[in-house]
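Report on the following structure.
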Amino acid sequence: MAEQRRGKLIAFLFLIILGVCWFEPIAWLVANSFRMEREFKIAYSGVTGPLDYLSRLIPKAWTLTNYTELFDVGGTLNTDANIGMMFQNSAIVSVVVTLGVVLITSLAAYAYERMNFKGGNKIFWALLYASMFPNIVSILPQFRIANALGWVNNLNALIWPLMSGVFNVFLIRNFMKGIPRELDEAAVIDGASSFQVYTQVILPSIKPVLMVVALFAFNGAWNDFLWPRIVMTDVNNQTLTAGLRLLMGQYDGHQAHLIASCFISMLPPFALYLCAQKYFLRGISVQASVKG
């Protein structure tokens, strides 16, 4: 009994250390985003040790200037980078992609799992194996297609390539395996069509895994960096995550403002996770629970 208690204590201390290591950079980011620019430049000079460093994390004077000036295009910062437009572009792309992924992948998973069509299983595994190739190999063909469709500098180029995901289909399909087929058969006997079975039987039962897929899709679209940097050459069409690289060049000498922009970019995914935490923890196990 004592050994179990000792083991739990060691595990607890180890988790605390990991939590501190994870939280410290975020605390640094948040604290310095509210620090005056001139204070930030001298805040960490001549640090003598860990305790001295920790004491300097807290700003002497808290300010919202870094945030207000970020949205003042051509103002104090003398930059043409419109962070408000970047935030809007990221929000549009992420929300549309999330809704599209949830709809398309759930329909595809339902078809592969519940509709026994010829060659369906082979097609699914072939697509899954094909998805193992690194995304970088599809950048050139993807750009040529976007250029042919006239989607360069257009949000369509950021939305449609992310509208699917074989791994998400795999995740939802495995979740559906835990739903008894008797529920489908009972609905069919009552006169329900295949689409009604999907909307009235399957969807209510797979809400947890759909929330996981939605979180993955939103984070993937919001944090996408390489593809927007390639296909979006106009600053007004750029997304926030990719636009941070542009801000690094234009905010020369304004590190506190750049830190504030980084904090803004991480808020939506974090807020979404907090709101959907209980569904995420239930769905990540890929176990379906059907309540009577």
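Note on Met266 and Asn223: their simple-model spin labels are 1.1 nm apart, each label 7 Å out from Cα toward Cβ. Between 0 and 90 degrees, the angle of helix 255-275 with respect to the longest Cα principal axis of the chain falls at about 30 degrees.
The trypsin sites (Lys or Arg not before Pro) of the stretch 100-171 that meet both conditions, a loop assignment by DSSP and at most 12 other Cβ atoms within 10 Å of the site Cβ, are Lys118.
Under the simplified labelling scheme, the Ile26-Asn236 pair shows an inter-label distance of 3.7 nm, with each label point 7 Å from Cα along Cα→Cβ. Helix-only arithmetic for the chain: the sum of -39500 (n - 2.57) across DSSP H runs with n ≥ 4, divided by the residue total, places the mean residue ellipticity at 222 nm at -20500 deg cm²/dmol.
Per-residue Karplus couplings for the stretch 98-112, computed as 6.51 cos²θ - 1.76 cosθ + 1.60 with θ equal to phi - 60°, are listed in order as 4, 5, x, 5, 4, 5, 5, 5, 5, 5, 5, 5, 5, 5, 5 Hz, Gly and Pro entered as x. Karplus-based coupling profile of the stretch 181-188, in residue order and whole Hz: 5, 4, 5, 5, 5, 5, 5, 5, with θ = phi - 60° in 6.51 cos²θ - 1.76 cosθ + 1.60 and x standing for Gly or Pro. For the chain, the longest principal axis of the C-alpha atoms and the axis of helix 166-176 are separated by about 60°. The ratio of the alpha-carbon radius of gyration of the stretch 60-163 to the globular-protein estimate 2.2 N^0.38 Å is 1.62.
Past the 29 Å Cα-Cα mark, which pairs from Lys118/Lys278; Lys8/Lys207; Lys122/Lys207; Lys118/Lys177? Check vs 29 Å cut-off fails for Lys118/Lys278; Lys8/Lys207. Over all directions, the projected convex hull of the C-alpha atoms in the stretch 1-118 averages 16.3 nm² in area.
When a/c is below 1.5 the answer is rounded, else prolate if a/b is larger than b/c, else oblate, so apply that to the stretch 83-283 with a ≥ b ≥ c taken from the square roots of the Cα gyration tensor eigenvalues. Taking the square roots of the gyration eigenvalues as a ≥ b ≥ c, the stretch 83-283 is prolate.
Measuring from centroid to centroid over Cα atoms, what is the spacing of the stretch 131-195 and the stretch 220-274 in Å? With the stretch 131-195 and the stretch 220-274 each reduced to a Cα centre, they are spaced 26 Å. Considering only alpha-carbon pairs that sit under 8 angstrom and 6 or more positions apart, the relative contact order computed for the stretch 2-63 is 37 percent.
Throughout, read-outs are computed from the coordinates displayed, never taken from laboratory work. All values derive from a computational prediction rather than experimental measurement. Note that we place each Cβ from the backbone using ideal geometry, even for glycine, and neighbour counts take in every protein chain shown.
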